[in-house]
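Below: the structure, in structure tokens.
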């Protein structure tokens, strides 16, 4: 296995984009609510800190948060402990911890050998290697950067390498969305167009009961769903429903099928 330099570069880019975003925030801005239930701008950064501390092998907090209505599983519970322990800190204190931690993480990643990246890791998607986990960390870091940006009204990083990386991971689930969830009929095709800044033009045809990415469908797509890549990510990450972003979604052809596709884009289950 070669060292995943490209993945590390994306992490560095996003980690420092987050640091720059937060550099001049007031305490009121740190405490603004985000799209994630119960989480503020500060909580999003605290979550990233908790995960990266664990990956660095640093001690986890012994603090225990009170039961929260948005916590649904043991992973969420452990996440909430790391967030809650920092709720009594100022945003500036959390940002200072972030600066120190990402410098440590990058020093580790830039000097690690192949064995480090080959070590087993348990990921949200199942077992893999540390290199695999870091690939997911890009998605997580960029996604929470966007959560913070939406809360602050400061859009950015929408055309970054991490943005493209995240979009390409999210579109892996589109066959399930088009085929199983949206119940596209056998032999029919659906085209999904991401208009930018990250541009993708994808056609899925249902063949033998499964939606398959094809270069040329047997017949013209029966529905075309067009969205910008920011809207696509917001939907796919489950941050907002299609009904809340209807003015940013264009559907041509079979509007009923296209609507089902748009409504089922949430892949973060």
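Of the residues making up the stretch 150-166, none is touching a strand residue (DSSP E or B) at 6+ places or on another chain (Cβ under 9 Å), in a loop (DSSP other than H, G, I, E, B) and surrounded by fewer than 18 Cβ atoms within 10 Å (Cβ to Cβ). On the stretch given as the stretch 124-135, residues that are touching a helix residue (DSSP H, G or I) at 6+ places or on another chain (Cβ under 8 Å) and surrounded by 14 or more Cβ atoms within 10 Å (Cβ to Cβ) total 6.
Residue 93 meets all of the listed conditions (1) in contact (Cβ under 8 Å) with a residue 12 or more places away in the chain; (2) over 22 Å from the mean Cα position of the chain (by Cα); (3) under 15 Å from residue 22 (Cα atoms) but one, namely (1).
For the stretch 221-269, the tally of residues that are within 23 Å of residue 206 (Cα to Cα), assigned to a loop (DSSP other than H, G, I, E, B), modelled with pLDDT of 95 or more and touching a helix residue (DSSP H, G or I) at 6+ places or on another chain (Cβ under 9 Å) stands at 3. Scanning the stretch 100-123 for residues that are surrounded by 14 or more Cβ atoms within 10 Å (Cβ to Cβ) and in contact (Cβ under 8 Å) with a residue 60 or more places away in the chain returns 102, 105, 106, 109, 112, 117. Within the stretch 64-78, residues that are modelled with pLDDT of 80 or more sit with their Cβ atoms under 7 Å from residues that are not in a loop (DSSP other than H, G, I, E, B), at 6+ positions apart or across chains, in these pairs: 64/81. Inspection of the stretch 39-48 identifies at least one residue that is surrounded by 14 or more Cβ atoms within 10 Å (Cβ to Cβ), more than 27 Å from residue 121 (Cβ to Cβ) and in contact with a helix residue (DSSP H, G or I) (Cβ under 6 Å, 6 or more places away or on another chain).
Residue-by-condition table, conditions (1) buried (at least 22 other Cβ atoms within 10 Å of the Cβ); (2) farther than 25 Å from residue 247 by Cβ; (3) within 12 Å of the chain's Cα centre (by Cα):
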residue	(1), (2), (3)
145	yes, no, yes
178	yes, no, no
195	no, no, no
212	no, yes, no
216	no, yes, no
224	no, no, no
234	yes, no, yes
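Among the residues of the stretch 245-269, those identified as within 19 Å of the chain's Cα centre (by Cα) and either surrounded by 16 or more Cβ atoms within 10 Å (Cβ to Cβ) or without any contact (Cβ under 8 Å) to a residue 24 or more places away in the chain (or both) are 245, 262, 263, 264, 265, 266, 267.
Of all residues in the stretch 71-86, which are in a loop (DSSP other than H, G, I, E, B) and surrounded by 15 or more Cβ atoms within 10 Å (Cβ to Cβ)? If the condition is that a residue be in a loop (DSSP other than H, G, I, E, B) and surrounded by 15 or more Cβ atoms within 10 Å (Cβ to Cβ), then 71, 85, 86 are the ones that fit.
The numbered conditions (1) within 17 Å of residue 106 (Cα to Cα); (2) surrounded by fewer than 18 Cβ atoms within 10 Å (Cβ to Cβ); (3) modelled with pLDDT of 95 or more; (4) in contact with a helix residue (DSSP H, G or I) (Cβ under 8 Å, 6 or more places away or on another chain) are all true for residue 20 except (4).
The values are calculated or read from the model by the stated rules, or taken from the named source; none is laboratory data. Note that the coordinates shown come from a computational prediction; the quantities given were computed from them, not determined experimentally. Cβ coordinates were reconstructed from backbone atoms using ideal geometry, including for glycine residues, and neighbour counts include every protein chain displayed.
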